[in-house]
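Take a look at the structure set out below.
The values are calculated or read from the model by the stated rules, or taken from the named source; none is laboratory data. Here the structure is a predicted model, which is why all the values come from computation and not from measurement. Every residue, glycine among them, receives a Cβ derived from its backbone with ideal geometry; neighbour counts consider all protein chains shown.
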Amino acid sequence: MTVIMSYRGRPITQADVAFIGRLIAEQPQAPRCQLARLLCQAWQWVQPNGILRELVCRGLLLRLHRAGHIQLPPPRIKTGGRSLRRPRPAPVELDRSPLCVPLSQLRPLEFRLVRRTPQEALFNGLIEQHHYLGYTQPVGEHLKYLVYGQDRPVAALVWSSAPHGLSCRDQFIGWSAAARRQNIRFVAYNGRYLIMPWVHVEHLASHLLGRMARLLPQDWQRVYGHDLYFLETFVQPDRYRGTCYLAANWQVLGWTTGRGHRCPTDRPNRPAKQVLGYPLSKRFRQLLTDPSLARSHGGRYDGGADHAG
């Protein structure tokens, strides 16, 4: 059977395109989002936690539409040629008086998972106001944490799906392109890390990273139904040296190219950043380079005694 294209590791055949065409014809009033949902249900195209892969499916439908293989209904929302933008998070008001105490006096620290809770707006607002990159909606699977000490937020961290292509990370892990497609879901990216500017607590930043390395895999397993074996982040050296990551035993893997994944040329269009990584298991290479072994570990977190830190 003729394969037209491969999308996210799935071969798309002429029979698949014919099926999608019939689905569109049978649902002439259905918007694109509903068509994606119906196709996911028909194909049993789900994430490891059982949730439909609707956004991925919508990307496939749009790609087939643009290539002329199918004809999608017009989008329901007209944007006048401009893409819709999320409103910027609103400023938040809270106690900004200096907090200068030893780490021992700040304990116990409370890690609150705030995604899809009333505190998510507080998280977004703090990142927007106080992180030099501002707030950007995370892509794919993601978790947001606020850390509290003495009943005040002292830090905010967001972890999300890792970039698919990152040369220095891929070389460090040693996986093939096929293994990366299968196992990239076992890698999480620390996209934002903020210690509140009024918090001056020695060793707090590295201490929180150590705590996160133990807490995050458990929460990820509970929310998304699969393990994490590796963490990564980027550091912009003209602003920060990544000292807290290094103190928490993260490793320097290399540098980004300075080009975004949609950059139309080979010329850098943004600052190159240092890439740091943190294995969550001593067997991370074995787990990430062998797709069948990674699948067999899909329901268990092997941290604890096997923790690589």
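Return only the number of the condition from (1) closer than 30 Å to Asp290 by Cβ; (2) of a type outside the set (Lys, Arg); (3) in contact (Cβ under 8 Å) with a residue 24 or more places away in the chain that Ala177 does not satisfy.
(3)
Which condition breaks for Pro91 when tested against (1) modelled with pLDDT of 95 or more; (2) in contact with a helix residue (DSSP H, G or I) (Cβ under 8 Å, 6 or more places away or on another chain)?
Pro91 satisfies every listed condition except (1).
Among the residues of segment 15-41, write down those that are within 27 Å of the chain's Cα centre (by Cα) and surrounded by fewer than 16 Cβ atoms within 10 Å (Cβ to Cβ).
Scanning segment 15-41 gives Cys33, Gln34, Gln41.
For segment 274-309, give me each residue that is among the aromatic types (Phe, Trp, Tyr) and either exposed (fewer than 14 other Cβ atoms within 10 Å of the Cβ) or at pLDDT below 95 (or both).
Of everything in segment 274-309, just one residue is among the aromatic types (Phe, Trp, Tyr) and either exposed (fewer than 14 other Cβ atoms within 10 Å of the Cβ) or at pLDDT below 95 (or both), namely Tyr301.
Here is a check on your reading of the model: is Leu133 within 27 Å of the chain's Cα centre (by Cα) and within 30 Å of Ser206 (Cβ to Cβ)?
yes
Please state which one of Ile20, Ile70, Ile12, Ile4 is free of Cβ contacts under 8 Å to residues at least 60 places away in the same chain, assigned to a strand (DSSP E or B) and of a type in the set (A, V, I, L, M, F, W, C).
Answer to the check: Ile12.
Using the structure shown, decide if Arg116 is charged (D, E, K, R), modelled with pLDDT under 95 and under 23 Å from the mean Cα position of the chain (by Cα).
Spelling it out, Arg116 is indeed charged (D, E, K, R), modelled with pLDDT under 95 and under 23 Å from the mean Cα position of the chain (by Cα).
Being closer than 27 Å to Arg185 by Cβ and surrounded by 11 or more Cβ atoms within 10 Å (Cβ to Cβ) narrows it down to one residue among Leu103, Leu99, Leu55, Leu109; which is it?
Leu55 is the lone residue from the list that is closer than 27 Å to Arg185 by Cβ and surrounded by 11 or more Cβ atoms within 10 Å (Cβ to Cβ).
Those residues that are surrounded by fewer than 16 Cβ atoms within 10 Å (Cβ to Cβ) and either within 25 Å of His131 (Cα to Cα) or touching a helix residue (DSSP H, G or I) at 6+ places or on another chain (Cβ under 8 Å) (or both), I need them from segment 167-209; list them, please.
If the condition is that a residue be surrounded by fewer than 16 Cβ atoms within 10 Å (Cβ to Cβ) and either within 25 Å of His131 (Cα to Cα) or touching a helix residue (DSSP H, G or I) at 6+ places or on another chain (Cβ under 8 Å) (or both), then Gly174, Ser176, Ala178, Pro197, Trp198, His200, Glu202, His203 are the ones that fit.
Do we have Ala162 as under 27 Å from Arg88 (Cα atoms) and buried (at least 21 other Cβ atoms within 10 Å of the Cβ) here?
yes
State which residue pairs qualify: first residue under 21 Å from Glu141 (Cβ atoms) and inside segment 97-125, second residue loosely packed, with under 13 Cβ neighbours inside 10 Å in any location, beta carbons under 8 Å apart, and separation of 6 or more residues or different chains.
Filtered contacts from segment 97-125: Ala121/Ala90.
Does Leu72 satisfy the condition of being over 29 Å from Ala178 (Cβ atoms), of a type in the set (A, V, I, L, M, F, W, C) and at pLDDT 90 or above?
So Leu72 passes the test.
All but one of (1) over 29 Å from Gln182 (Cβ atoms); (2) modelled with pLDDT under 90 hold for Gln236, so report the exception by its number.
Unmet for Gln236, out of (1) over 29 Å from Gln182 (Cβ atoms); (2) modelled with pLDDT under 90: (2).
Filter segment 23-48 for residues that are among the aliphatic types (A, V, I, L, M) and either in a helix (DSSP H, G or I) or within 14 Å of Leu72 (Cα to Cα) (or both) and give the result.
Listed by number, the residues that qualify are Leu23, Ile24, Ala25, Ala30, Leu35, Ala36, Leu38, Leu39, Ala42.
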